[in-house]
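What follows is one structure encoded as structure tokens, with my remarks underneath.
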Amino acid sequence: MTILVRRAGMEDLDGILAIERAGFGRWAWDRNLFAGYLSTCGPLFLVAESRRKVAGYSITWISRGPIRRRAELVSIAVDPAMQGKGVADALLAHTLSGLRRRGIHRLGLTVRVTNDRARAFYEKHGFRKVRRIPRYYEDGEDAFALRLDLPPQRR
């Protein structure tokens, strides 16, 4: 199976929204929020495509502060039918490559404390727990803040 990772566009929103609803149910984000991320995150809003269908997406935001060496993985999700087939790995690899090219030194994210599958995925890729954030999510669940330090890209 071939997975193509590319920059997301407006034409991908229907596929992204289907994945979002399947994965997050009543907590799913809406079209307007994703459209906003398309403009603010640009080349770090990615889709993974398989057989000409959106199989997953990831959104990464770069800090706009005076030290632009940090980024946040806002969201990553995979079509339930495509889970376990390397889609999330491909999205994260492209994200990390793009961050290194931009000189970003740190990638952070938050994850539900009960989301064992996601936590295992991030730990496999070298993320480490920084702290627990009480009542982070709308339903009152706690989150873990995770961080990955990115070594500078060799030239």
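Side notes on the structure shown:
- Some residue of the stretch 113-126 being of a type in the set (A, V, I, L, M), more than 20 Å from residue 29 (Cβ to Cβ), modelled with pLDDT under 95 and not in a strand (DSSP E or B): no
- Flag for residue 146 being part of a helix (DSSP H, G or I), within 14 Å of the chain's Cα centre (by Cα) and buried (at least 19 other Cβ atoms within 10 Å of the Cβ): no
- Residue 52 being charged (D, E, K, R) and either surrounded by 15 or more Cβ atoms within 10 Å (Cβ to Cβ) or touching a residue at least 12 places away in the same chain (Cβ under 8 Å) (or both): no
- Within the stretch 1-28, considering residues that are modelled with pLDDT of 95 or more and assigned to a loop (DSSP other than H, G, I, E, B), the one nearest to residue 76 (Cα to Cα): 8
- The numbered conditions (1) closer than 25 Å to residue 128 by Cα; (2) surrounded by 13 or more Cβ atoms within 10 Å (Cβ to Cβ); (3) touching a residue at least 40 places away in the same chain (Cβ under 8 Å); (4) of a type in the set (D, E, K, R) are all true for residue 70 except (3).
- Qualifying residue in the stretch 1-16 (condition: farther than 24 Å from residue 85 by Cβ, free of Cβ contacts under 8 Å to residues at least 40 places away in the same chain and among the acidic types (Asp, Glu)): no
- The residues on offer are 42, 108, 65, and the sole one that is modelled with pLDDT under 95, surrounded by fewer than 20 Cβ atoms within 10 Å (Cβ to Cβ) and outside any helix (DSSP H, G or I) is 65.
- Across the stretch 85-95, not a single residue is classified as buried (at least 19 other Cβ atoms within 10 Å of the Cβ) and in a strand (DSSP E or B).
The values are calculated or read from the model by the stated rules, or taken from the named source; none is laboratory data. All values derive from a computational prediction rather than experimental measurement. Here the Cβ is made from the backbone with ideal geometry for all residues, glycine too, and neighbour counts use every protein chain on show.
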